[in-house]
Number of protein chains: 2
Amino acid sequence: MKVFDKAVIIGTGLIGGSLGKALKDRRMVSCIYGLSRNRRNAVTAKKTGAIDQIGESLDVVKEADLVVLATPVDTILGIAAKIAKKVKKGCVVIDVGSTKEEIVNEAGRLIPNFVGCHPLSGSEKRGIANIRKDIFKGAVCIITPAPGTKKDALSRVSALWKGLGSSVVRLSPPEHDRVVAFTSHMPHAVAFALISSVPDRFLSLGAGGLKDSTRISASDAGLWASIFLSNRANILSSLSVFQDKLAFLKLALRKKDGKLLKKFLSRASVKRGKLDDHSY
Amino acid sequence: MKVFDKAVIIGTGLIGGSLGKALKDRRMVSCIYGLSRNRRNAVTAKKTGAIDQIGESLDVVKEADLVVLATPVDTILGIAAKIAKKVKKGCVVIDVGSTKEEIVNEAGRLIPNFVGCHPLSGSEKRGIANIRKDIFKGAVCIITPAPGTKKDALSRVSALWKGLGSSVVRLSPPEHDRVVAFTSHMPHAVAFALISSVPDRFLSLGAGGLKDSTRISASDAGLWASIFLSNRANILSSLSVFQDKLAFLKLALRKKDGKLLKKFLSRASVKRGKLDDHSY
């Protein structure tokens, strides 16, 4: 089902490339132009069928019905500013960044039909080499429209994600940033600190538990530094909540209070069980 | 290859049951008796082929060449005390608990040929329903002999784990407890605290990152409370190291020091990469 005619994807990495492949696979757009800071990525994206054509400059957005900003969080607003005057009336512009308040506030002011999107389909792997057309299937996509976004643009963006098999959840940009601070950014910060605290000489004895709990710390440092800075206040406050919980666990352990300890672990274990029940 | 004749496994849960199944599969013992606090578990263990016979009382160890203590950490010493007088001369007794110093010190005093073992094959799943004969294949098993353990007993225990496809690493009991505090117990404590700090209403938006990083918090609360208490001092000090790393990350974020932040994340990411290089 075609939702947009001509699409331009700026940033052909894991999310941008996978989105291109998925849109083409489901024939949801008629043609995709792709741009990458690194031309070799764009060439690979074309070869692997993630895009139809390589865009030679940002001017390619002039004809677009849909523009996808799929570059790192700290570069999205710069590109939004550059394309704001180029896009035609009615063009829908979305981003797929991991934070929304800064981006949607500013890009929504520059571009009439801007819809912030955050497909919860990320991975510690990045780049065109890891793209897969099915990463959106069964995943949640949070959409955060700007105040001025037209209803029609919003429903087409929603149709796009649903067409790729995602569940769409609508939140305000500040709500989004608060939620993902807890569900994604805090776990990443904790995982980075966790692997940092394991002495090198013990790494060879790390088994499944250590591997699982630190998997996301293999993520790209530059990408995550910019996500952390972009959602700083929410992340700092979610980490304070985490530190309080850990302090409680330590206190129970220090006091050798087995009953309190078991109660704390038991609640956590039950809560973790609920996470698997959400079968998006 | 037969390593022991008659074996008794006390505790037919995930590790005990899987060990029975693996030993029978490779014909490494001639006959296995199994005991469980809960008779139904022992019946299931027999039905699924993890044991040959159900032991009716601890007296069954009298004829054994190998006894495996595979019950929760806080029950191992009680059982060791009960069987110490019953086992025949030359019988090798091992445990498979997650901590070693307390257990090996005391059980090694009571039983001449005691070898502490810790197969790093655990899981957040437990019980006879989850046993798999291949959980030891490609895994590490840490062995921690007591001071009085005979060489022959040690080499037969080592042969047993190697026969199941494990790499055997020998550590002293205190070394073991210090290492696993960092590689297993600290990550578990952090995962329990992490899931505890996510507001319930946000759980439905938890994606792969949150799931991976908290998977081990679905582990059994009672088992883990006893592991934590048994390795209390090491865990408290590993958690202090972790808290320092997290405080550093927070400071960089609070100061908006993108360069410092990226450096910290980058080192962590490289270190996490090394974890996958260890292909046991």
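With the condition kept exactly as written, say whether any residue in segment B:173-185 is of a type in the set (Val, Ile, Thr), over 13 Å from B:Pro119 (Cα atoms), within 12 Å of chain A (Cβ to nearest Cβ) and surrounded by 17 or more Cβ atoms within 10 Å (Cβ to Cβ).
Yes, segment B:173-185 contains a residue that is of a type in the set (Val, Ile, Thr), over 13 Å from B:Pro119 (Cα atoms), within 12 Å of chain A (Cβ to nearest Cβ) and surrounded by 17 or more Cβ atoms within 10 Å (Cβ to Cβ).
Would you check which residues across segment A:197-217 are in contact (Cβ under 8 Å) with a residue 12 or more places away in the chain, over 16 Å from the mean Cα position of the chain (by Cα) and part of a helix (DSSP H, G or I) and list them?
Within segment A:197-217, A:Leu210, A:Ser213, A:Thr214, A:Arg215 qualify.
Kindly indicate whether any position in segment B:4-21 is out of contact with any helix residue (DSSP H, G or I) (no Cβ under 7 Å at 6 or more places or on another chain) and over 20 Å from B:Phe136 (Cα atoms).
Yes.
Quick one: B:Ile131 ticks every box in (1) surrounded by fewer than 24 Cβ atoms within 10 Å (Cβ to Cβ); (2) modelled with pLDDT under 95; (3) among the aliphatic types (A, V, I, L, M) bar one, so which box is it?
Single failed check for B:Ile131: (1).
For segment A:239-258: of the residues being farther than 15 Å from B:Arg232 by Cβ and more than 7 Å from every other protein chain (Cβ to nearest Cβ), which is surrounded by the most Cβ atoms within 10 Å (Cβ to Cβ)?
Residue satisfying both the conditions and the ranking: A:Gln243.
Which one is most open to solvent (accessible area, probe 1.4 Å), of the residues in segment B:22-49 that are assigned to a strand (DSSP E or B) and touching a helix residue (DSSP H, G or I) at 6+ places or on another chain (Cβ under 6 Å)?
So the residue we want is B:Tyr33.
Between a residue in segment B:125-145 that is assigned by TED's automatic domain parsing to the domain that holds B:Ser158 and any residue that is open to solvent by 80 Å² or more (accessible area, probe 1.4 Å) and of a type in the set (Lys, Arg), which pairs come within a Cβ distance under 7 Å, given they are 6 or more apart or on different chains?
So the pair list comes out as B:Ile143/B:Arg170.
Can you name every residue in segment A:224-238 that is assigned to a helix (DSSP H, G or I), of a type outside the set (Gly, Ala, Ser) and surrounded by 20 or more Cβ atoms within 10 Å (Cβ to Cβ)?
A:Trp224, A:Ile227, A:Phe228, A:Leu229, A:Asn234, A:Ile235, listed by residue number.
Going through B:Gly55, B:Gly34, B:Gly16, B:Gly20 one at a time, which residue ends up being small (Gly, Ala, Ser), over 20 Å from B:Lys82 (Cα atoms) and touching a residue at least 12 places away in the same chain (Cβ under 8 Å)?
Testing whether each residue is small (Gly, Ala, Ser), over 20 Å from B:Lys82 (Cα atoms) and touching a residue at least 12 places away in the same chain (Cβ under 8 Å) leaves just B:Gly20.
The values are calculated or read from the model by the stated rules, or taken from the named source; none is laboratory data. Quantities reported herein were computed from a predicted structural model and do not represent experimental measurements. Here Cβ is always computed from backbone atoms with ideal geometry, including for glycine, and neighbour counts include all displayed protein chains. For the accessible areas, the whole protein counts, side chains as well, though only heavy atoms, and no ligand, DNA or RNA atoms are used. Shrake-Rupley method; radii C 1.70, N 1.55, O 1.52, S 1.80 Å.
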